[in-house]
Amino acid sequence: MKKFFQKQREVLTVVAYVGFVVLLVCFVIFPLLKKISNVADNAQRDILDHDIVRQRVNEIPRMQQQYQLVEKNENILDVLLDENEAVQLIEELEKIAQDSQNTIVITMQEQDTGMKMLDTTKNKKDEENSTRLIAKSGVPSNEN
């Protein structure tokens, strides 16, 4: 056996070296690479989270303006949201349509869940009148 080790000493040294390198790669290098990859992913996630928070913070003034607009037009919204004042809403819509020279047709349909109002607006002049109607009333309309 001693002769075998002496004759194959170089081959055994190379095999031992290759085995050592394989073990080093499998048990040291790959786990370190995975750890580095996880750290990089976490850093990117934190950067994205920070960007999302920054965008939301930048939207706060716009949201405050929208809230002030809602508070300012609260009486219009009360009419729109109150089921008991549907007649008042219809009269207001007809008045706005008349002022902007538009035709408005409001029909009621019975459904299983109750009554539903359908609002269809037809332009006589052009889209400008429709835009003015929306701007005056704050009510979205369905254009045909």
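The values are calculated or read from the model by the stated rules, or taken from the named source; none is laboratory data. Values in this document were obtained by computation on a predicted structure and should not be read as measured data. Glycine gets a Cβ as well: all are built from the backbone with ideal geometry, and neighbour counts include every protein chain shown. Protein only, heavy atoms only, side chains kept; ligands, DNA and RNA dropped before computing areas. Shrake-Rupley method; radii C 1.70, N 1.55, O 1.52, S 1.80 Å.
Relative to the present Cα-Cα distance, how much length would full extension add between ILE47 and GLN68 at 0.36 nm per residue of separation?
Numbers: separation 21, 0.36 × 21 = 7.56 nm, distance 3.25 nm.
Going from the current span to full extension adds 4.3 nm.
Hey, what's region 1-75 come to in accessible area per residue, 1.4 Å probe, Å²?
Working: 7350 Å² over 75 residues.
Result: 98 Å² of accessible area for each residue.
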For GLU94 paired with ARG56, estimate the spin-label separation in nm (one decimal), with each label point 7 Å from Cα along the Cα-to-Cβ line. 4.7 nm
Kindly state, to the nearest 0.05, the FRET efficiency for ILE106 paired with ASN75, given R0 = 25 Å and r defined as their beta-carbon distance. 0.75
